[in-house]
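Q: First, the structure itself, so that you have it in front of you.
No value in this document is a laboratory result; all are computed from the given coordinates. Since this is a predicted model, take the numbers as computed values, not measurements. Note that we place each Cβ from the backbone using ideal geometry, even for glycine, and neighbour counts take in every protein chain shown.
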Amino acid sequence: MLTIRLSRMGARKQPYYRVVVIEKAQARNGRPVEVVGTYNPRTNPMSLDLKRERIDYWVSKGAQLSDRVGKLVAKPAAPAAEPVA
């Protein structure tokens, strides 16, 4: 069974996360099937970059979202930067 969850990266006390599609039985930082985004809670405001179309694809194939990833996906997408005229 596939799950979409966070994989911790970064140095000690300076975490950032990859949002990965991975087998449920794999270790937290095991080899993922696909990396579908990044999440950095340390920036202000926190930075979140998700490939929403790939997440929708994997969910349609039966992948389950973890609790935290479900909350992150539920957040509205960040508006695109507008060019200054």
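Q: For a quick check, take a GNM of the chain with Cα springs below 10 Å and name the residue from Glu34, Glu53, Glu23 with the largest mean-square fluctuation.
A: Glu53
Q: Okay, moving on. Rank Tyr57, Tyr16, Tyr39 by mean-square fluctuation in a GNM of the chain with C-alpha springs under 10 angstrom and give only the top-ranked residue.
A: Between Tyr57, Tyr16, Tyr39, it is Tyr57 that shows the largest mean-square fluctuation.
Q: What does the helix-only formula give at 222 nm for the chain: each DSSP H stretch with n ≥ 4 adding -39500 (n - 2.57), the total divided by the residues, and the result rounded to the nearest 500 deg cm²/dmol? Write out the running numbers ahead of the final one.
A: Details: 2 runs with 17 residues, N = 85.
Result for the chain: -5500 deg cm²/dmol, rounded to the nearest 500.
Q: Return the FRET efficiency for the residue pair Lys61, Lys13: r is the Cβ-Cβ distance, R0 is 41 Å, and the value is rounded to the nearest 0.05.
A: 0.70
Q: I would also like to ask the following. State log₁₀ I(q)/I(0) for the chain at q = 0.13, 0.20 Å⁻¹ as given by the Debye formula over alpha-carbon point scatterers of equal weight, solvent excluded.
A: -0.43, -0.92
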